[in-house]
Amino acid sequence: MSDRRIDEDKRATLRRFAALGAATPLVGLGGGDESDDSSKSSDARDAIVGYVAATPGAHFSKVRDDLQLGTGETQYHLRNLVDDGTLDVRRDGDYKRFFPAKRFSEFEQVALGYLRRDTPRGMLIHLLRDPDATGSKLADTLDVSRATVSTYAKELDSVGLLSREDGYAVSEPETVITLLIRYADSFGTDAAAFANDAAGFIRFDP
């Protein structure tokens, strides 16, 4: 792919997410007469805001790579957006995850962080589909070892997303389902399939 094509793809990606970001309060208020460099910086800033709004819980590398930005550029804008109160940041092990400011509760931020990991997301989705699933069944379904399921189950329990008192049970399942459906397109294909099937297993009790 030529450098020109790469640059065009990057600009298209930035414009797409900048359109979302520019609609966010406190973003895109810099004024009209901007230099070309200043305009590009504003586009990158707005694109990050729009991207995080559509992909809450994304970590630094994902923001940088999906928006095709440089490391220093991404660090600069994320730091300023956190400092000016546009974004919230949460430490998640080795990651820093970013969220639109004041939009999510602590539980929702934690849930979104784990839903962005393949195996924990798969476990939560399968347990929402089949609350009686055992550790062995989860391991077979997800094609991982039983030890991997046990490790993640312990971790999910410790952060309040899973109860292990009587088998495995998803904590606050309505909240987890809502996050999965609302942001399905930003997760993997398993979340998209779950969202498509959701009407079939969500009961409505008037």
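The values are calculated or read from the model by the stated rules, or taken from the named source; none is laboratory data. On a predicted model such as this, the values are computed, not experimentally measured, just so you know. We place every Cβ from the backbone using ideal geometry, glycine too, and count neighbours over all the protein chains shown. For accessibility, only protein heavy atoms count, side chains too; no ligands or nucleic acids. Shrake-Rupley method; radii C 1.70, N 1.55, O 1.52, S 1.80 Å.
I'd like the full set of residues that are free of Cβ contacts under 8 Å to residues at least 40 places away in the same chain and in a helix (DSSP H, G or I), limited to the range 156-170. Can you show your working first?
Of all residues in the range 156-170, those free of Cβ contacts under 8 Å to residues at least 40 places away in the same chain come to 157-158, 162-167.
Hits for the range 156-170 are ASP157, SER158.
Being in a loop (DSSP other than H, G, I, E, B) and open to solvent by 30 Å² or more (accessible area, probe 1.4 Å), is that true of even one residue in the range 84-91? Give the steps one after another, and end with the answer.
Let us first name the residues in the range 84-91 that are in a loop (DSSP other than H, G, I, E, B), namely 84-86.
This time we only want the ones that are open to solvent by 30 Å² or more (accessible area, probe 1.4 Å), so: 84-85.
Looking through the range 84-91, at least one residue is in a loop (DSSP other than H, G, I, E, B) and open to solvent by 30 Å² or more (accessible area, probe 1.4 Å).
So VAL144 clears everything in (1) surrounded by fewer than 16 Cβ atoms within 10 Å (Cβ to Cβ); (2) outside any helix (DSSP H, G or I) except one condition, right? Which one?
Among (1) surrounded by fewer than 16 Cβ atoms within 10 Å (Cβ to Cβ); (2) outside any helix (DSSP H, G or I), the lone unmet condition for VAL144 is (1).
Taking the conditions exactly as written (modelled with pLDDT of 90 or more, under 21 Å from ARG97 (Cα atoms) and surrounded by fewer than 20 Cβ atoms within 10 Å (Cβ to Cβ)), does ALA58 satisfy them or not? Walk me through it before giving the result.
On the way: modelled with pLDDT of 90 or more: yes; under 21 Å from ARG97 (Cα atoms): yes; surrounded by fewer than 20 Cβ atoms within 10 Å (Cβ to Cβ): no.
In short, no.
Filter the range 155-172 for residues that are open to solvent by 60 Å² or more (accessible area, probe 1.4 Å) and over 19 Å from the mean Cα position of the chain (by Cα) and give the result.
Of everything in the range 155-172, those that are open to solvent by 60 Å² or more (accessible area, probe 1.4 Å) and over 19 Å from the mean Cα position of the chain (by Cα) turn out to be SER158, ARG164, GLU165, ASP166.
Do you know which residues across the range 43-78 are touching a Ser or Thr at 6+ places or on another chain (Cβ under 7 Å), within 18 Å of TYR95 (Cβ to Cβ) and of a type in the set (S, T, N, Q)?
The one that is touching a Ser or Thr at 6+ places or on another chain (Cβ under 7 Å), within 18 Å of TYR95 (Cβ to Cβ) and of a type in the set (S, T, N, Q): THR55.
Hey, any hits in the range 124-135 for a residue that's over 15 Å from the mean Cα position of the chain (by Cα), assigned to a helix (DSSP H, G or I) and more than 17 Å from ALA191 (Cβ to Cβ)?
Checked against the condition, which is being over 15 Å from the mean Cα position of the chain (by Cα), assigned to a helix (DSSP H, G or I) and more than 17 Å from ALA191 (Cβ to Cβ), the range 124-135 yields at least one hit.
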